[in-house]
1. Taking the condition of being in contact with a helix residue (DSSP H, G or I) (Cβ under 8 Å, 6 or more places away or on another chain), polar (S, T, N, Q) and over 28 Å from Val107 (Cβ atoms), how many residues in region 140-186 meet it?
2. From the list Asp286, Asp211, which one is touching a Gly at 6+ places or on another chain (Cβ under 9 Å) and in contact (Cβ under 8 Å) with a residue 12 or more places away in the chain?
3. Give just the number: which of (1) buried (at least 16 other Cβ atoms within 10 Å of the Cβ); (2) under 30 Å from Val174 (Cα atoms); (3) not aliphatic (A, V, I, L, M) does Thr35 not satisfy?
4. Taking the condition of being in a helix (DSSP H, G or I), within 30 Å of Ala62 (Cα to Cα) and touching a residue at least 12 places away in the same chain (Cβ under 8 Å), how many residues in region 114-170 meet it?
5. Applying the selection to region 96-113, what residues are part of a helix (DSSP H, G or I) and either over 16 Å from Leu52 (Cβ atoms) or outside the structural domain of Pro142 (by TED's automatic domain parsing) (or both)?
6. Within the bounds of region 199-206, is there any residue that is surrounded by 11 or more Cβ atoms within 10 Å (Cβ to Cβ) and either touching a strand residue (DSSP E or B) at 6+ places or on another chain (Cβ under 9 Å) or at pLDDT 70 or above (or both)?
7. Taking the options Ile292, Ile383, Ile316, name whichever one is modelled with pLDDT of 80 or more and part of a helix (DSSP H, G or I).
8. Out of Asp211, Asp231, which single residue is closer than 30 Å to Ala425 by Cβ, part of a loop (DSSP other than H, G, I, E, B) and at pLDDT 70 or above?
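The values are calculated or read from the model by the stated rules, or taken from the named source; none is laboratory data. All values derive from a computational prediction rather than experimental measurement. Counting neighbours? That spans all protein chains shown, and the Cβs are built from the backbone with ideal geometry, glycine included.
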Amino acid sequence: MRALSRFLVGRGLRSRIIWTTALVSALAMGAMIGTVVLALNGATRSNVDATLTGRFQTTRSALDSSENTPAQALETSVDSIEDSTFLYDRDGILVEGPKAGRRVRGVADRLGTVSRKTRTTQHERAYLAAPVTIRGGTSPGPGVLVVSESLEPYESTRTEVLVGLVALGLVVTVGATAIAAWTMSRTLAPVDAMAALAEDWSERELDARFDDRGSENEIAHLGRTMNVLLDRVAGALRGEQRLTSELAHELRTPLSGIRGEAELGLMSSSEPSTRERFERVVSMVDQMSATITTLLAIARGEETQTATRTSVGDVISATLASTGARETSIAVEAEDGSSEDLRISATTESAARALSPLVENALRHAAARVSVSVQGTARTIDITVSDDGPGLPQDGRDLFVAGERAADSVGAGLGLALARRVAQALGGDVAVSSERDPTSFTLTLPRP
């Protein structure tokens, strides 16, 4: 059973049921064949024993008659008896017997000196020998009677039965497996159709549901249960979109006020240091407004529905500017980041929103160096952010779960989770490409 369990591990439900049916059918037919063979062997031995005993009793009765000589006692109208019966005197010398082969005669001679009833099987023949009394003839007195029976007819019958049972077992096993495969295909066809529909649906198709044809079988019940679950998921997503819209609206109003006040201060101030501060305030407000707009578009699904594109160089430049990486004391190197021929299918703001948490995380943990490298494939662009920091923790924590952060971290544990969510909304992903020496995160985005 353990071997069967190991064999079935990792296989699909259809494959597991079909293989289980085949194995169980084969085991059942094997057990049946074994039982029949054992029963046939027992019946064969009983028949042979009965034949030998009857032949021995018949011949001994003839020997007990004083009117019969040994030759007359062994004479019978049944050839099988006459040709397989041997009579020996007290010294083990053959008195009467058929002309037999060397092997048969050798076994009979060895049994011609037994002192008690003996049953043996050799060379596809069964032998029965026992002491008897010879009353007539030239050598009256004690002797040994040996009778034998060929097992070849029994073996031939048993072979034919065994071949027939094996053929029947193969037919039954193949038939049961074929029926199981056909049944599983018919049964799981609706499940395959449901899976194909589910793969076609996206999180934006909130009103898509499985057809309910009113059937009461288990598949229909699964479809109705999944529809109820989809209703709940749709409600949760609509609530999230509504909350995101409300938060964006509530944040934009004070941001507009802050920007207006900063612009008034910029207009009324002539001191360079003061004007520089107001300009930074205006720039940060614009960045925050762009971030809110991007996140709102992603939450509504608008980002993935519009055909947009930008260059990798613009994305990296926007990211370094928004994170203040160029103003840090850590050396930031952008390798191949200015290649204008490397373009991605997203807006600059959206791609920068996905890349910014990776750069911020690298700046926070780097010792002296952060690098941003780009590698293009036929369908995607990989932007890798590496740092020479201490590396990732070994506690098995999922870095992309919202709220997960190190004990000494000052952040909220939302940056990497947000980066992956934005990347996936754009059709890409974020993954750890190296845990240490250097520590690297790779942002993958689709090409247009």
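1. The total comes to 3.
2. Working: Asp286 fails: touching a Gly at 6+ places or on another chain (Cβ under 9 Å).
One residue alone meets the criteria, Asp211.
3. (1)
4. Step one: filter region 114-170 for residues in a helix (DSSP H, G or I), giving 152-170.
Now restrict to residues that are within 30 Å of Ala62 (Cα to Cα): 152-154.
This time we only want the ones that are touching a residue at least 12 places away in the same chain (Cβ under 8 Å), so: 152, 154.
Counting residues in region 114-170 that are in a helix (DSSP H, G or I), within 30 Å of Ala62 (Cα to Cα) and touching a residue at least 12 places away in the same chain (Cβ under 8 Å) gives 2.
5. Taking region 96-113 as the starting set, the residues that turn out to be part of a helix (DSSP H, G or I) are 102-111.
Selection gives Arg102, Arg103, Arg105, Gly106, Asp109, Arg110.
6. No, because not a single residue in region 199-206 is surrounded by 11 or more Cβ atoms within 10 Å (Cβ to Cβ) and either touching a strand residue (DSSP E or B) at 6+ places or on another chain (Cβ under 9 Å) or at pLDDT 70 or above (or both).
7. One residue alone meets the criteria, Ile316.
8. Values: Asp231 fails: part of a loop (DSSP other than H, G, I, E, B).
After applying the criteria, what remains is Asp211.
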